[in-house]
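Contents: one structure, followed by commentary.
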Amino acid sequence: MDNLQEKRKLHAFELGILLIFLFIISLLFYGKIILKENIFIGFSNILTSQAGLITDFLMVGGLTAGFLNSLLILLFNYFIIKYLNIELKGMALASLFTSFGFSFFGKNILNILPIYIGGIFYSMYEHIKFKDIFLPVSFATALAPFISEVAFRTNTFEFSYINGIILGIIIGFIIAPLAKKMKSFHEGYNLYNLGFTAGILGLVLNCILKAYHFEVASRKILSTQYNHILQICCTVIFMIFIIVGFYINDNSFSGYKELVKAKGLESDFIPMFGYGLTFINMGLMGFLAMLFSLTLNQSLNGPILAGIFTVVGFAAHGKTPFNTAPVLIGIILSGVTTIHNDIFTIVLSGLFGTSLAPIAGIFGPFWGIIAGWLHLTVVTNIGTLHGGLNLYNNGFSAGIVASFLLPIMRTFNERGLKRELRFLKTRKEFLGMIKKEDFE
């Protein structure tokens, strides 16, 4: 009976994702009929664009082409997850909606493919199942701009397309062993571990490119004309999350009070709280992220959508209103008290800086504020290391901030250290219970 109940909830959960697919398709018709945009020219522009920081695909190709690209990437990743029989748990959802968000900002259906091919080659080389490394490979598409930059920049020689594909395959091949090693650097206190890994790999690749006189030009291409329709789009999607989650959770919000108390350190909310409460949290976190942007008078555009939907994705794997709010406060304080007064930079850094949520969850709000304050100062100076070709630049910064703060927090915050030890003990017991259930 319990198994049938779980299957019913999973089917309802997948129905919610299907409703999001259908809503995005309706946006394509809106752009084609109302805005009268040429979807084919716009989509071609997105595919052949240099996609480094900051390239807003809504500006490059228009709203219709931008949502077509997002739909293709969402479908592509979703069907791979289903084909490989990967469980739709927290990290899978984080991967799915992070990729969806970045389909408006840096990732297109063309520049991500070589990285997946590289991942398949690695799984064959190591004689392991591709499903076991799919998630790190999907996050490795943070480096997709390297492929576009090599393949489509002007004044390059005739083999540039082939070079771009080869580079992408190399990235996909080496990313899984790198990610496993890099996690120990920040001990999981940066939720975007692949952002940190991609930053290190991007730094090395950028140095190699520079050694061969391949300089990457910085850019800042942003749209402003789609703010209202994007607000409506986000509102509908977040309401789908909440309504479907409410239905799955037996038409109630019961238990959500416990979820928001979660520390966020390696916290997969689906086995912990179920599909319903996880979906509710994703919707509410989406509204919180959008409210944060609009309160600071920042129009919605491609990069901001990437930030918002990354928050939504990781609301299934660590982020709650309680552990993200201190980080957001710290970033705002940093923006007010330092030279970093550009609203777009503050908002984007705030949305992605919530990757440091476990610090606030384990060590308390004060250290969450400190982490947010420090994150903005680091992230605004670190992009030059990888030439702006690591889309998860904030994940790179957050890894550095977390690893810097951890020994300091453990030294000066005895209470936080005790909370950390209690959490680790509880988590070990919880994982033991799950393994025991798997064998029964």
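The values are calculated or read from the model by the stated rules, or taken from the named source; none is laboratory data. A quick note: this is a predicted structure, and the numbers were derived from the prediction, not measured. Here the Cβ is made from the backbone with ideal geometry for all residues, glycine too, and neighbour counts use every protein chain on show. Accessible surface areas use protein heavy atoms only, side chains included; no ligands, DNA or RNA. Shrake-Rupley method; radii C 1.70, N 1.55, O 1.52, S 1.80 Å.
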For this session: Please specify each residue of the range 118-140 satisfying the condition of being under 11 Å from L84 (Cα atoms), of a type outside the set (A, V, I, L, M, F, W, C) and touching a helix residue (DSSP H, G or I) at 6+ places or on another chain (Cβ under 7 Å).
Result: K129
For this session: Please work out which residue is most open to solvent (accessible area, probe 1.4 Å), limiting yourself to the range 183-236 and to residues that are among the polar types (S, T, N, Q) and in a helix (DSSP H, G or I).
Result: S184
For this session: Mind listing whichever residues of the range 359-399 are in contact with a His (Cβ under 8 Å, 6 or more places away or on another chain), farther than 18 Å from A306 by Cα and either without any contact (Cβ under 8 Å) to a residue 40 or more places away in the chain or open to solvent by 10 Å² or more (accessible area, probe 1.4 Å) (or both)?
Result: T377
Problem set entry | Checking N193 against (1) modelled with pLDDT of 85 or more; (2) under 18 Å from the mean Cα position of the chain (by Cα); (3) not aliphatic (A, V, I, L, M), the condition it does not meet | (1)
For this session: Among residues belonging to the range 45-93 that are under 18 Å from the mean Cα position of the chain (by Cα) and polar (S, T, N, Q), point out the one that is nearest to I270 (Cα to Cα).
Result: N77
Seminar exercise, completed: Restricting attention to the range 50-76, the residues that are open to solvent by less than 20 Å² (accessible area, probe 1.4 Å) and in a helix (DSSP H, G or I) number exactly 13
Exercise. What are the residues in the range 159-218 that are farther than 25 Å from M124 by Cβ, out of contact with any Lys or Arg (no Cβ under 8 Å at 6 or more places or on another chain), without any contact (Cβ under 8 Å) to a residue 24 or more places away in the chain and polar (S, T, N, Q), if any?
Worked result: S184
Problem set entry | Members of the range 190-202 that are under 12 Å from L385 (Cα atoms) and touching a Gly at 6+ places or on another chain (Cβ under 9 Å) | A198, G199, I200, G202
For this session: Could you check, for the range 322-343, whether at least one of its residues is touching a residue at least 24 places away in the same chain (Cβ under 8 Å), out of contact with any Lys or Arg (no Cβ under 6 Å at 6 or more places or on another chain), part of a helix (DSSP H, G or I) and under 28 Å from A65 (Cα atoms)?
Result: yes
Problem set entry | Of all residues making up the range 94-144, the number that are of a type in the set (S, T, Y) and not in a helix (DSSP H, G or I) | 1
Problem set entry | Any hit, the range 276-296, residues being open to solvent by 10 Å² or more (accessible area, probe 1.4 Å), closer than 30 Å to L58 by Cβ and not in a helix (DSSP H, G or I) | yes
Seminar exercise, completed: Filtering the range 311-325 down to residues that are of a type outside the set (D, E, K, R) and buried (at least 24 other Cβ atoms within 10 Å of the Cβ) yields V311, V312, G313, F314, A315, A316, G318, T320, N323, T324
For this session: Taking only the range 244-267 into account, find how many residues are touching a residue at least 60 places away in the same chain (Cβ under 8 Å) and either open to solvent by 30 Å² or more (accessible area, probe 1.4 Å) or within 16 Å of L18 (Cα to Cα) (or both).
Result: 7
